[in-house]
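The values are calculated or read from the model by the stated rules, or taken from the named source; none is laboratory data. Since the structure is predicted, the reported quantities are computational estimates derived from the model, not experimental observations. When we count neighbours, we look across all protein chains shown, and the Cβ atoms used for this are built from the backbone with ideal geometry, even at glycine. Heavy atoms of the whole protein, side chains included, go into the accessibility calculation; ligands, DNA and RNA do not. Shrake-Rupley method; radii C 1.70, N 1.55, O 1.52, S 1.80 Å.
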Amino acid sequence: MNTLVPLAASAPGIAALRVEDAKDLPVRGRTVVVNTGARPAVVDESPVKSIPPFSSTILVDTRIRLADSLILLRVDESAAAADVVSGPGWNLYASLLGDAPAPAPDSPGPAFPRDTPLWRGPQDGAGTVLLDPAAALGEPDPTGRQEEFEVRVNLWFAPAGTDCAIHNLHDFIEVHTQVLGIGRMQKFRTPDHGSLYEDLLMAPGYTTPQPFCATGPDGTFTYPWHQYHADTDCVWLAVEYHRRTNR
Ligand SMILES: [Fe+2]
């Protein structure tokens, strides 16, 4: 019970762990807790409150009464964010793209600007979750049909002042959790910084509320133009939900 599985999606100063079917799970010290399950994760305090799906918080010396699936990040907050890229499996994102026409981060779309100092850490599978995507995305007409999604997680790093490239294509549901530094997720009307229409400031422990996408035709997901912007040196966690069910 309460088996904590270390993840490769870690870095110097950041230990990532996964736990499934948590029951009376002690949280020792200060920990970023990300709920990657489909149901609220219940925190064992009074009044009893929960961490909703697709969200996170920082818990300190407490207990989680019940949770389907969590990522725990134990962070050395005194560490320099830029040190994470010295960890195993970290690469400059542009170098991962090679010479091929480059998509935006992890998706087809506009060419990724190769001089962007965006770094990606190793990605891990983090179990599966059953979701009705329309319900999970807060849409008015959920199908009531549960589909299986594979959860994948990795850390990213960008230095202060980095625009991490505006993009709008993903074949998965994504959310982002701030780990170190102050950054923001931004939405745009067009792939142009001047068309900004939403600016979500992110401090450590915060996950942008509700995924940005809507369900699209043929099981696709429709995203607005969006990007991550690093105000300071930043580390953040991407959580991706990849559909496994044949439609
Ligand atoms: Fe994205």
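Scanning the range 205-247 for residues that are in a strand (DSSP E or B), within 15 Å of the ligand (Cβ to nearest atom) and under 15 Å from H170 (Cβ atoms) turns up A214, F221, T222, W225, H226, Q227, Y228, A238, V239, E240, Y241, H242.
Once the range 118-164 is narrowed to residues that are polar (S, T, N, Q) and closer than 17 Å to D83 by Cα, the residue that is nearest to the chain's Cα centre (by Cα) is N154.
What about G216, is it under 25 Å from P52 (Cβ atoms), of a type in the set (G, A, S), out of contact with any Asp or Glu (no Cβ under 6 Å at 6 or more places or on another chain) and at pLDDT below 95?
Working: under 25 Å from P52 (Cβ atoms): yes; of a type in the set (G, A, S): yes; out of contact with any Asp or Glu (no Cβ under 6 Å at 6 or more places or on another chain): yes; at pLDDT below 95: yes.
Here the answer is yes, as G216 does meet what is asked.
To keep it simple, each residue is scored yes or no on (1) surrounded by fewer than 20 Cβ atoms within 10 Å (Cβ to Cβ); (2) more than 13 Å from the ligand (Cβ to nearest atom).
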| residue | (1), (2) |
| --- | --- |
| G138 | yes, yes |
| T143 | yes, yes |
| E148 | yes, yes |
| H167 | no, no |
| F172 | yes, no |
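Considering only residues that are of a type in the set (F, W, Y) and closer than 28 Å to T31 by Cβ, look in the range 195-214 and name the one that is least open to solvent (accessible area, probe 1.4 Å). Filtering first and then ranking leaves F212.
Filtering the range 174-194 to residues that are of a type in the set (S, T, Y) and open to solvent by less than 50 Å² (accessible area, probe 1.4 Å) leaves only T177.
Any residue at all in the range 176-183 that is within 13 Å of the ligand (Cβ to nearest atom) and in the same structural domain as G219 (by TED's automatic domain parsing)? Reasoning before the result, please.
Residues of the range 176-183 within 13 Å of the ligand (Cβ to nearest atom): 176.
Now restrict to residues that are in the same structural domain as G219 (by TED's automatic domain parsing): 176.
Yes, the range 176-183 has at least one match.
Among the numbered conditions (1) out of contact with any His (no Cβ under 9 Å at 6 or more places or on another chain); (2) over 30 Å from L59 (Cβ atoms); (3) surrounded by 12 or more Cβ atoms within 10 Å (Cβ to Cβ), the only one that P217 does not meet is (3). Would you say L180 is closer than 23 Å to P53 by Cα and not β-branched (V, I, T)? Yes, satisfied.
Taking the options Q178, Q186, name whichever one is part of a strand (DSSP E or B), at pLDDT 95 or above and in contact with a Pro (Cβ under 7 Å, 6 or more places away or on another chain).
On the way: Q186 fails: in contact with a Pro (Cβ under 7 Å, 6 or more places away or on another chain).
Criteria check complete, one pass: Q178.
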